[in-house]
Amino acid sequence: MPLLTLSTWPALTQPEQRHAIARELTGHTERLLGKKRALTAVAVLAEPIGWTIGGEPVEPPGSAAEAGPARATFALEIRITAGTSTAQQKADWIAAAWDTLRRALPDALVEASYVSVLELPADDWGWGGRTQAARLPR
């Protein structure tokens, strides 16, 4: 039951692009982390008001303040149940997710773009009104 949350700068304004990214990330999650596709949710957040790196604003493409090539950045988080994926599986997922976003964002991607795997204890989250711990065989 992974939950993925993606925020990009600039925002992904085309529904087709958002859906393509969500489908690809869902595929990585199923294939590399062994998670159920039907329970994988992807939330692409609306455009942030602004983004800074190193305390300096990342200027949107085409702005007067923008210096050099257009720049893009992103933050992607996935929430999974603690202990359900190996370190290698998580490393492979991070690399695949990074590559997906690198290809999807047309502007020069700044290195300070992040992919995070957040592992939550089974008794701290769930779906359908039950915790993951309650779903474990006894």
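The values are calculated or read from the model by the stated rules, or taken from the named source; none is laboratory data. The structure presented is a predicted model; accordingly, all values stated were derived computationally and were not measured. So basically every Cβ, Gly included, is an ideal-geometry build from the backbone, and we count neighbours across all protein chains shown. Heavy atoms of the whole protein, side chains included, go into the accessibility calculation; ligands, DNA and RNA do not. Shrake-Rupley method; radii C 1.70, N 1.55, O 1.52, S 1.80 Å.
Can you pull out every residue in region 118-138 that is surrounded by fewer than 16 Cβ atoms within 10 Å (Cβ to Cβ), more than 18 Å from the chain's Cα centre (by Cα) and among the aliphatic types (A, V, I, L, M)?
Of everything in region 118-138, those that are surrounded by fewer than 16 Cβ atoms within 10 Å (Cβ to Cβ), more than 18 Å from the chain's Cα centre (by Cα) and among the aliphatic types (A, V, I, L, M) turn out to be Ala133, Ala134, Leu136.
Sort out which residues of region 36-47 are at pLDDT 85 or above and open to solvent by 80 Å² or more (accessible area, probe 1.4 Å), and write them in order of number.
Correct list: Lys36, Arg37, Ala38, Leu45.
At negative phi, open to solvent by less than 40 Å² (accessible area, probe 1.4 Å), at pLDDT 95 or above and among the aromatic types (Phe, Trp, Tyr): is that true of Trp93 in this structure? Show your work before the answer.
Numbers: at negative phi: yes; open to solvent by less than 40 Å² (accessible area, probe 1.4 Å): yes; at pLDDT 95 or above: yes; among the aromatic types (Phe, Trp, Tyr): yes.
Yes.
For the condition in a loop (DSSP other than H, G, I, E, B), open to solvent by 30 Å² or more (accessible area, probe 1.4 Å) and modelled with pLDDT of 90 or more, what is the one hit in Gly50, Gly68, Gly83?
Gly83
Please go through region 108-136 and give me each residue that is touching a helix residue (DSSP H, G or I) at 6+ places or on another chain (Cβ under 8 Å), free of Cβ contacts under 8 Å to residues at least 24 places away in the same chain and hydrophobic (A, V, I, L, M, F, W, C), ordered by number.
Selection gives nothing.
Limited to region 1-35, what total is found for residues that are at pLDDT 95 or above, touching a Pro at 6+ places or on another chain (Cβ under 6 Å) and part of a loop (DSSP other than H, G, I, E, B)?
1
Counting just the residues of region 102-117 that are surrounded by 13 or more Cβ atoms within 10 Å (Cβ to Cβ) and more than 20 Å from Gly54 (Cβ to Cβ), which one comes out modelled with the highest pLDDT?
Ranking the qualifying residues of region 102-117, first place goes to Val117.
When region 13-35 is examined, which residues are found to be surrounded by 13 or more Cβ atoms within 10 Å (Cβ to Cβ) and in contact (Cβ under 8 Å) with a residue 40 or more places away in the chain?
Those that are surrounded by 13 or more Cβ atoms within 10 Å (Cβ to Cβ) and in contact (Cβ under 8 Å) with a residue 40 or more places away in the chain: Gln17, Ala20, Ile21, Glu24, Leu25, His28, Thr29, Leu32, Leu33, Lys35.
Filter region 103-124 for residues that are among the β-branched types (Val, Ile, Thr) and in a loop (DSSP other than H, G, I, E, B) and give the result.
Hit for region 103-124 is Val110, nothing else.
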